[in-house]
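No value in this document is a laboratory result; all are computed from the given coordinates. Please read all numbers here as calculations on a predicted model, not as lab measurements. FYI the Cβ positions are ideal-geometry reconstructions off the backbone, even for glycines, and counts take in every protein chain you see.
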Amino acid sequence: MLKGGLRYIERFLGTITQSDNLETSLSGGLPKRFLYHRLFLRLSGTLTIAAAAATSVLDTAPASLIKDIKITANGKTVIKSIDGATLYKINAIKHATTHPLTAPGVTVGDHAFSCLISLDLVDLLGKVPLDTMFNSNGLSTLDLSVTWGDAEDLVVIGGATLTWGVTPTLSVTSVESFGDIDPKQQLILNTEYIAADSEVIASTDKHQITLATGNFFRTLILKTTDAGVPENDIINNITLKSGNEVFMNIPGIDLRDRNKSEFGLETMPAGFYVIDFAKYGSLADLLDATNMDSLKLELNVTKGAGETRVRVVAQEFIMPAVQAK
């Protein structure tokens, strides 16, 4: 547990400028001293459409412009790695609210767009979320980088010509704690990453996805899409197992209904399924995969009309090493 006397600080850290289909980073990296709760990321820009109207706006645009948001410590340890569109919908589930989003239009002209995304470094749903704050004290480097798409990741182009009226930027604001921090204090490391992005080639009751083992799973979130559009009719049943031990065997529609109730949502985002191993926030309920030889999702799936995919986002806890007294 942390000592008392911690105080909040919220501060603007800078901006990251978009570059088509490239990776750009926050200049100077993230500050390395305090305890991070979360980063608020506000994306804004202007899309100019000429020649003809675009056909339609893509799902979750403009968050879809962000192909990957990554936090890397000491040049090698990836703390977070997830695309903007998926993270925006996960925010809606875990925060039980929809963050502000203004999508671009499709008519000829200039279209300002913006959205707010939260990159959570604490487990907001835990009993003691402060135990999962990210301690940046003592790190040699802490980098925030974004891999970008381009204007065609916002709208279906049709006969239009797309350019940036105002180049998109991502403004970064942190929520941190500082004060009575023991430099030897080790906290739970809360990581989040894309664990799998699997194409469904054909309808089957045994579509298998192998997951990495070695840590504790807090959540597994499945996102299903048909031709890039989230859909609810792809997963019929979800089984999670290690060898002969089955941890979950539940129809997809039942899990979505439970998610809606348990997270207090009016509407569950289309295509999303949350396997929550600690529904009451207790660390004792995490799925301990530290000594598992294997862990697999076995899905009963129906292939859609277009390219059908299942993306799996893993939230893992890495426990601190036991220190000698």
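Taking 0.36 nm per residue of separation and subtracting the current Cα-Cα distance, fully stretching the chain between residue 127 and residue 202 would add 22.8 nm.
Max-minus-min Cα coordinates of segment 69-124 on each principal axis give 45, 29, 13 Å, with the largest extent listed first. If you run the Gaussian network model on the chain, springs between alpha carbon atoms under 10 Å, then out of 226, 293, 59 the most flexible one is 293.
Which whole-number percent is the relative contact order of segment 252-325 (Cα, under 8 Å, 6+ apart)? Spell out each step's value before the answer.
On the way: 22 pairs, mean separation 12.0, N = 74.
Contact order relative to length: 16 percent.
3J(HN,Hα) along segment 22-30, derived from phi through the Karplus expression 6.51 cos²θ - 1.76 cosθ + 1.60 where θ = phi - 60°, amounts to 10, 9, 10, 10, 5, 4, x, x, 7 Hz, with x in place of Gly and Pro.
Want the number for residue 270 to residue 32: 0.36 nm per residue separation, take away the alpha-carbon distance, what's left?
Working: separation 238, 0.36 × 238 = 85.68 nm, distance 3.76 nm.
Gain in length upon complete extension: 81.9 nm.
Shown here: the chain, whose C-alpha atoms stretch 71, 48, 35 Å along the first, second and third principal axes, sorted largest to smallest.
Along segment 268-274 the Karplus relation, 6.51 cos²θ - 1.76 cosθ + 1.60 evaluated at θ = phi - 60°, assigns HN-Hα couplings of 7, x, 4, x, 10, 9, 10 Hz to successive residues, with x for each Gly and Pro. A 30 angstrom limit on the alpha carbon distance is what I want to check against. Which of 32/260; 76/303; 76/206; 89/241; 70/223 exceed it? Pairs exceeding 30 Å: 32/260; 76/303; 76/206. For residue 79, nonlocal amide neighbours, meaning residues 5 or more places apart or on other chains whose placed amide H falls under 5 Å from its own, are 71, 72, 73. Its Cα gyration tensor gives segment 189-318 an equivalent ellipsoid; the semi-axes, largest first and in whole Å, are 23, 18, 13. On the beta carbon distance between residue 78 and residue 253, with R0 = 25 Å, the FRET formula returns roughly 0.15.
Both numbers refer to the Cα atoms of segment 1-116; Rg and Dmax are 17.2, 61 Å.
Using the Karplus relation 6.51 cos²θ - 1.76 cosθ + 1.60 with θ = phi - 60°, the per-residue 3J(HN,Hα) values for segment 288-294 come to 7, 10, 5, 10, 7, 7, 7 Hz, with x marking Gly and Pro.
Normalising the average separation of contacting C-alpha pairs (under 8 angstrom, six or more residues apart) by the number of residues puts the relative contact order of the chain at 25 percent. Based on Cα contacts under 8 Å between residues 6+ apart, segment 33-139 shows a relative contact order of 41 percent. For segment 98-152, list log₁₀ I(q)/I(0) at each q in 0.29 Å⁻¹, using the Debye formula over Cα point scatterers of equal strength and ignoring solvent, two decimals each. After summing over all Cα pairs, the log10 values are -1.21. Across segment 38-88 the C-alpha pair distances fall into 5 Å bins from zero in the proportions 5, 15, 21, 20, 15, 10, 7, 4, 3, 1 percent.
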